[in-house]
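Just below is one structure, and these are the notes that go with it.
The values are calculated or read from the model by the stated rules, or taken from the named source; none is laboratory data. Source: prediction; values computed, not measured. Heads up, the Cβs are rebuilt from the backbone with ideal geometry, glycines too, and the neighbour counts pull from every protein chain shown.
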Amino acid sequence: MITGSAAQTRSWGKKLGRLLKGGEIVGLSGELGSGKTCFVRGIAEGLGVGKEAWIRSPTFTLINEYDGRLPLYHIDLYRIGSARELEELNLRDYLFSDGATVVEWFEHLPKEEVDEYLLIDFEHGGGNKRKLTVTAHGRRYKKIVEELKA
């Protein structure tokens, strides 16, 4: 997907948020400023998280929780420096919950941690343009990608 503005990036996130049913893991990767947190704001909107919630990058708090139609767990692994720090987060409690878990800097998560997930890679496309590449890992996520395209 190519987006030409932050509003379009957020709109794609909102569409994804509306498709989530609970228990999904959405991994986001891409360099700083490529639109990951903007996309999460859209997911939150699609999940019915109230407008009073301030959706921000959880870089310093690492995990933010929001209440909506489903709980939204927004995790940022950018500052994780060791396996011990990662273990102390008790990520499995979030990854395998009934809520929707969105992980920025997903590439920092050990590959053996999850088998099935939706991965969205963000790339700068010049100016406000962003290229979002969506890859499904697992049948459930293939269905979500099909619905996202529709």
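If you check residue 135 against the conditions, is it within 18 Å of residue 20 (Cα to Cα) and loosely packed, with under 14 Cβ neighbours inside 10 Å? In short, yes. Restricting the stretch 35-52 to residues that are in contact with a Leu (Cβ under 9 Å, 6 or more places away or on another chain) and not in a helix (DSSP H, G or I) leaves a set whose member that is surrounded by the most Cβ atoms within 10 Å (Cβ to Cβ) is 35.
Residue count for the stretch 1-34, restricted to those that are closer than 15 Å to residue 130 by Cα and surrounded by 18 or more Cβ atoms within 10 Å (Cβ to Cβ): 10.
Any chance the stretch 109-121 includes a residue that's in a loop (DSSP other than H, G, I, E, B), of a type in the set (A, V, I, L, M, F, W, C), over 24 Å from residue 33 (Cβ atoms) and modelled with pLDDT of 90 or more? Within the stretch 109-121, one or more residues are in a loop (DSSP other than H, G, I, E, B), of a type in the set (A, V, I, L, M, F, W, C), over 24 Å from residue 33 (Cβ atoms) and modelled with pLDDT of 90 or more. Within the span defined as the stretch 19-29, every residue fails to be among the acidic types (Asp, Glu), part of a loop (DSSP other than H, G, I, E, B) and closer than 23 Å to residue 126 by Cβ. Within the stretch 19-28, the set of residues being more than 15 Å from residue 137 (Cα to Cα) and either touching a helix residue (DSSP H, G or I) at 6+ places or on another chain (Cβ under 6 Å) or modelled with pLDDT under 95 (or both) comprises just one member, 19.
For residue 127, state whether it is of a type outside the set (D, E, K, R) and in a loop (DSSP other than H, G, I, E, B). The answer is yes for residue 127.
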